[in-house]
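The values are calculated or read from the model by the stated rules, or taken from the named source; none is laboratory data. It should be emphasised that the depicted structure is a prediction, and the values quoted were computed from it without experimental measurement. Every residue, glycine among them, receives a Cβ derived from its backbone with ideal geometry; neighbour counts consider all protein chains shown. Remember, those area values only see protein heavy atoms, side chains included, never the ligands or the DNA or RNA. Shrake-Rupley method; radii C 1.70, N 1.55, O 1.52, S 1.80 Å.
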Amino acid sequence: MRRVVVTGLGMVTPLACGVEETWTRLIAGQSGVGPITRFDCSRVVTTYAAEIPFGDGTNGTFNPDDWMDPKERRKVDDFILYGMAAATQAVKDSGWVPGTDAERERTGVMIGSGIGGLSAIADTAILLQEKGPRRVSPFFIPSALINLVSGQVSIRFGFKGPNHAVVTACSTGAHAIGDAARLIQFGDADVMVAGGAESPISEIGIAGFNACKALSTKRGNDPQAASRPWDTDRDGFVMGEGAGVVVLEELEHARARGAKIYAEVLGYGLSGDAYHITAPSEDGEGGYRSMAAALKRAGLAASDIDYVNAHGTSTMADTIELGAVERLLGEAAGSVTMSSTKSSIGHLLGAAGAVEAIFCILALRDQVAPPTLNLDTPPEGVRIDLAPKAARQREIAVALSNSFGFGGTNATLVMGRGDL
Amino acid sequence: MSDIADRVKKIVVEHLGVEEDKVTENASFIDDLGADSLDTVELVMAFEEEFGIEIPDDAAETIQTFGDAVKFIQNAA
């Protein structure tokens, strides 16, 4: 089987625009959560979220003009803008510039989203009601379609290989990276630009997740304390937004051009719960099977794992995942660090798995596990180090990232250091 | 230049992101101003909105240049 490595990284998160800018703040224990400014939130229950810091592009702020010109931006929903920014960073970071048609045809894109152009759909529905169908923009459909991140990226860079988009709710980003790696392993492409993007912070998005009873509601006076995975006082997830994109490359292809190799995708596992539309099965067996499948594909034992980036959303499901991880690790549980970076950046839904995979890659690079913020009271009897409140310097040779989504869909990525 | 021409030009500049001096009488939206077929649909909608008129699809197809647009709107408004 062909081996797949990661040669480029890009992200836009509630901590910052940019990989290093985000990572530095994450390791320092900063939070991207705050009061909602994106829309008038006076009618919804939850009044805080993790918003991308917009600005002039300096000091880690996100300046849309840096990533798409204003004329093009009017034709896309924000999730596409974020995806374009992250993909552009990743492609640039990789240094991959296909010089021939053959190379362009061997370079593909697989960037998904959980929901896609939610705001575009909501706004257009209101316009339709108020002004009638003749006022619906010709750009409405291409601004909202989930696969248009992949489409826009392919057009910008001339990547003519497989063009695809994953839609598996909150496991989208992990599935996209795993599936894209498979396309390389199987020989459909040599290079894949893969990840996820999401822009759900809107009245309809908050109202919808409030109705599911999934969001934190009680920390309006201290939003940065709201995302608290595993803590006994957690009360739901904090909505985030952004995008994470990686460049995946066949190992020999990367070596031949002298590319910087961040990490290797060692294993990928998938499973379905067949249980409930929003809740994981209480025994966590779906997540367990996803992790076990990824380990088997990697040819590793549970005792080889050093760091786990948990799905850990700060909901009741946290302890179900914890149980599944402890079952998987068995005796090895005592030597593993597991954290949830959603404690810092909130839940980026379809982008979460991709951003968190990048955090695992940086954990492998820098030999540091990011912290779980706000974890004051861990569950009783927990055997795994959950990195409460402070990053952990430690040896990390193998990292595992979990992503679980509504509908009972699970994905696990196992990654190893690129220099081994 | 007439008030209508000014307002049409403003819309074209905004929607197509072009310099004002490029928007001349005979400038074609597609050939000279970088529009694609979806941009022209949106332009026609913007003209309808600005001038409170209705431009039927078959008439919209005859509006190829800035001058065409101004002429059509002068006659319709």
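Would you check if A:Lys92 is basic (Lys, Arg) and open to solvent by less than 30 Å² (accessible area, probe 1.4 Å)?
no
Residue by residue through segment A:330-343, note down the ones that are in contact with a Lys or Arg (Cβ under 8 Å, 6 or more places away or on another chain) and part of a helix (DSSP H, G or I).
A:Ala333, A:Gly334, A:Ser343
Can you work out which of the residues in segment B:63-77 that are part of a loop (DSSP other than H, G, I, E, B) and modelled with pLDDT of 95 or more is farthest from B:Val23 (Cα to Cα)?
The residue in question is B:Ile63.
Scan segment A:355-365 and give yes if some residue there is open to solvent by 10 Å² or more (accessible area, probe 1.4 Å) and either farther than 21 Å from A:Arg234 by Cα or without any contact (Cβ under 8 Å) to a residue 60 or more places away in the chain (or both), otherwise no.
Within segment A:355-365 (the criterion being open to solvent by 10 Å² or more (accessible area, probe 1.4 Å) and either farther than 21 Å from A:Arg234 by Cα or without any contact (Cβ under 8 Å) to a residue 60 or more places away in the chain (or both)), the answer is yes, since at least one residue qualifies.
Taking the options B:Asp36, B:Asp6, B:Asp57, B:Asp68, name whichever one is away from chain A (no Cβ under 14 Å), over 10 Å from the mean Cα position of the chain (by Cα) and open to solvent by 30 Å² or more (accessible area, probe 1.4 Å).
Checking each option against the conditions leaves just B:Asp6.
Give the residues of segment A:60-80 that are away from chain B (no Cβ under 14 Å), touching a residue at least 60 places away in the same chain (Cβ under 8 Å) and hydrophobic (A, V, I, L, M, F, W, C), sorted by residue number.
Across segment A:60-80, the qualifying residues are A:Phe79, A:Ile80.
Just give me the residues in segment A:358-400 being of a type in the set (A, V, I, L, M), out of contact with any Lys or Arg (no Cβ under 6 Å at 6 or more places or on another chain) and not in a loop (DSSP other than H, G, I, E, B), in sequence order.
Once the filter is applied, which keeps residues that are of a type in the set (A, V, I, L, M), out of contact with any Lys or Arg (no Cβ under 6 Å at 6 or more places or on another chain) and not in a loop (DSSP other than H, G, I, E, B), segment A:358-400 yields A:Ile358, A:Ile361, A:Leu362, A:Ala363, A:Val368, A:Val398, A:Ala399, A:Leu400.
Of all the residues that make up segment B:9-24, how many are part of a helix (DSSP H, G or I), within 14 Å of chain A (Cβ to nearest Cβ) and surrounded by fewer than 18 Cβ atoms within 10 Å (Cβ to Cβ)?
3
Is it the case that segment A:39-48 has a residue that's surrounded by 23 or more Cβ atoms within 10 Å (Cβ to Cβ) and either assigned by the TED database to the domain that holds A:Arg297 or within 21 Å of the chain's Cα centre (by Cα) (or both)?
Yes, segment A:39-48 has at least one match.
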